[in-house]
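The structure appears below as structure tokens.
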Amino acid sequence: MQASAAHHPVMLEQAVQAMAPERGGVFIDGTYGRGGHAMALISRLDETACIWLVDRDPEAIAVARQRHGSDPRCHILQSSFAHLGSHLRAAGLAGQVSGILLDLGVSSPQLDDAARGFSFLRDGPLDMRMDNSHGPTAAEWLSGVGEQALVSVIRRYGEERFARRIAAAIVKARDAGELPGTTTGLATLIANAVPRAEPGRHPATRTFQALRIHLNGELEALDALLAEVCDLLGPGGRLVVISFHSLEDRRVKRFINTHSQVGDLPPGAGAVPREKQPRLRRLGRAHRPDDDEIAANPRARSAVMRIAERLP
């Protein structure tokens with residue numbers, strides 16, 4: 001859900017076109033954010049359409065209700081997209097969805113609000129929760145996590161080669177009663193623990209990413225939804241996913257490739273049984289923003305969009 005400070009939705013036109021909206025249908029924006037993609041999509045749908053606006057962030061849902069609460073086509077839901085399957089089944093819509101859009105990661109409004117604690121460039125409390133109404137903050141989690149578990153999180157979700165040094169520095173500061181309670185304080189602690197910074201990248205970038213992903217269960221949520229996508233989409237329905245780092249993109253790529261291929265068959269097998277038949281059709285490979293968009297919105301530079309269509 002990354003965008004510029006003025007909130008320019010990433011790959012807006014490409015994403016909406018990829019959803020192939022044709023007047024009616026059931027569409028899901030699983031990461032409403034500040035509604036850029038949703039508003040563009042809604043503008044192309046007629047009065048018979050239904051669009052679900054979903055986000056786990058209470059502030060995003062408040063914006064959605066203000067903008068779309070009076071639109072009978074809109075169903076507004078505060079929830080992780082991990083739970084979409086159960087909500088859609090309860091509404092009798094499983095197998096009837098025309099399009100699902102996910103714009104993954106943290107949004108610009110979240111990054112730019114120091115009080116949310118996502119950015120090491122703005123001094124604020126160590127929160128990092130996408131739904132800041134419940135669950136442990138980053139500060140609370142760091143106050144009790146074991147050193148080896150912290151190493152694992154930083155290495156797994158941040159792909160940080162200095163994970164062990166960083167974790168040791170955090171635990172040492174905590175044990176001395178000197179663990180910072182602010183974003184910039186933690187960023188400084190991390191920078192001091194890193195012997196060699198990557199050119200053009202703040203030393204705390206990967207660790208902050210790792211903490212955020214872990215606290216919010218982001219990869220688990222993505223896996224949970226992908227496991228149900230084929231059963232939620234109707235024939236011809238589209239899955240459109242915009243991701244911003246390799247951990248997400250690899251999952252989406254692997255999922256689409258797996259379900260776009262014939263399953264393993266024994267030698268000499270005849271017709272492909274239904275359970276082995278592909279369920280998706282991959283539409284292109286990795287789609288990326290063009291140079292003009294990246295120049296106007298530097299946060300778009302790492303975006304990758306993948307598209308798949310449900311087969312009959």
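Expressed as a whole percentage, what fraction of the accessible surface of the chain belongs to carbon and sulfur atoms when a 1.4 Å probe is rolled over the protein heavy atoms? Working shown, then result.
Numbers: 7010 of 14140 Å².
Ligands and nucleic acids excluded, carbon and sulfur give 50 percent.
Dipole of the chain computed with +1 at Lys/Arg Cβ and -1 at Asp/Glu Cβ about the Cα centre; of 224, 247, 75, farthest Cα towards the positive end is 247. Taken about its Cα centre, the stretch 173-239 carries a charge dipole of about 360 debye when Lys and Arg each add +1 at the Cβ and Asp and Glu each add -1 at the Cβ.
For residue 93, what charge total do you get from the other residues with a beta carbon under 15 Å from its beta carbon, if Lys and Arg give +1 and Asp and Glu give -1? Result for the neighbourhood of residue 93: 0. In this label model, residue 13 and residue 260 are separated by 2.4 nm, measuring between points 7 Å along each Cα→Cβ vector.
The residues packed around residue 59, meaning those with a beta-carbon under 14 Å from its beta-carbon, carry a net charge of 0 if Lys and Arg are +1 and Asp and Glu are -1.
The C-alpha atoms of the chain define a longest principal axis, and helix 218-232 lies at about 0 degrees to it. Helix 58-68 axis versus longest C-alpha principal axis of the chain: approximately 40°, rounded to the nearest ten. Could you calculate the FRET efficiency of residue 196 with residue 62 from 1/(1 + (r/R0)^6), where r is the beta carbon distance between them and R0 is 45 Å, rounded to 0.05? Computed FRET efficiency for residue 196 and residue 62 comes out at 0.55. Take every pair of alpha-carbon atoms less than 8 Å apart whose residues are at least six positions apart; their mean separation over the length of the chain yields a relative contact order of 19 percent. A simple charge model with +1 on the Cβ of Lys and Arg, -1 on the Cβ of Asp and Glu and nothing else charged puts the dipole of the stretch 43-128 at about 260 debye relative to its Cα centre. Only protein heavy atoms count here; on that basis, with a 1.4 Å probe, residue 256 has an accessible area of about 10 Å². Helix 246-259 axis versus longest C-alpha principal axis of the chain: approximately 20°, rounded to the nearest ten. Dividing the helix sum by the residues of the chain, where each DSSP H run of 4 or more adds -39500 (n - 2.57), gives a mean residue ellipticity at 222 nm of -11500 deg cm²/dmol.
How much FRET efficiency would the formula 1/(1 + (r/R0)^6) give for residue 288 and residue 250, where r is the Cβ-Cβ distance and R0 is 22 Å, rounded to 0.05? Each step should come with its number before you reach the end.
On the way: r = 16 Å, r/R0 = 0.71.
For residue 288 and residue 250, the calculated efficiency is 0.90.
Taking 253, 172 and ordering them by how much accessible surface each has at a 1.4 Å probe, largest first, produces 172, 253.
Take the Cα of residue 39, step 7 Å toward its Cβ, do the same at residue 277, and the gap between the two points is 4.3 nm. Note on residue 161 and residue 178: the model spin-label points, each 7 Å out from Cα along the C-beta direction, lie 2.8 nm apart.
The values are calculated or read from the model by the stated rules, or taken from the named source; none is laboratory data. Everything numeric here is computed off the predicted structure, so don't read it as measured data. All Cβ positions, glycine included, derive from the backbone under ideal geometry; neighbour counts span all protein chains shown. Ligands, DNA and RNA are excluded from the accessible area calculation, which covers all protein heavy atoms including side chains. Shrake-Rupley method; radii C 1.70, N 1.55, O 1.52, S 1.80 Å.
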